[in-house]
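Working notes for the structure below.
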Amino acid sequence: MAVPKRKMGRARTHARRSTNDKIAAPARSVCPQCGEVKLPHRVCGNCGFYRDREVIETE
């Protein structure tokens, strides 16, 4: 079994992990009704439309 000869430093460990542990930004889409930025597959908070029909009544 392979065993490291010396202790690996904290900076080296964190540098290696930092490339894999990043959190990706959430995906964004544009509402075709009002043009507002929204999360995909969700009702638009601005106009209340989802898939070309009004789901939530807004003023």
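Below 14 angstrom from the Cβ of CYS44, what's the summed charge of the other residues (Lys, Arg +1; Asp, Glu -1)? Let's see the in-between values first.
Values: positive: ARG28, LYS38, ARG42, ARG51, ARG53; negative: GLU36, ASP52, GLU54, GLU57.
It works out to a net charge of +1.
Enumerate by residue number the trypsin sites (Lys or Arg not before Pro) in the chain meeting two conditions: DSSP loop (anything except H, G, I, E, B), and at most 15 other Cβ atoms within 10 Å of the site's Cβ.
On the way: sites: LYS5, ARG6, LYS7, ARG10, ARG12, ARG16, ARG17, LYS22, ARG28, LYS38, ARG42, ARG51, ARG53; in loops: LYS5, ARG6, LYS7, LYS22, ARG28, ARG42, ARG51.
Filter output for the chain: LYS5, ARG6, LYS7, LYS22, ARG28, ARG42, ARG51.
Provide the gained length on full extension for the span ARG28 to MET1, in nm with one decimal, where the gain is 0.36 nm per separating residue minus the Cα-Cα distance.
On the way: separation 27, 0.36 × 27 = 9.72 nm, distance 4.68 nm.
So the extension gain works out to 5.0 nm.
Taking only the Cα atoms of segment 13-56, the ratio Rg/Rh comes out at 1.33, with Rh defined as the Kirkwood radius.
Taken along the Cα-to-beta-carbon direction at a fixed 7 Å, the label points for VAL37 and VAL55 span 2.1 nm. Its DSSP H runs of at least 4 residues, each contributing -39,500 (n - 2.57), put the calculated 222 nm mean residue ellipticity of the chain at -4500 deg cm²/dmol, to the nearest 500.
Values in this text are rule-based calculations from the coordinates and carry no lab data. Values in this document were obtained by computation on a predicted structure and should not be read as measured data. Cβ coordinates were reconstructed from backbone atoms using ideal geometry, including for glycine residues, and neighbour counts include every protein chain displayed.
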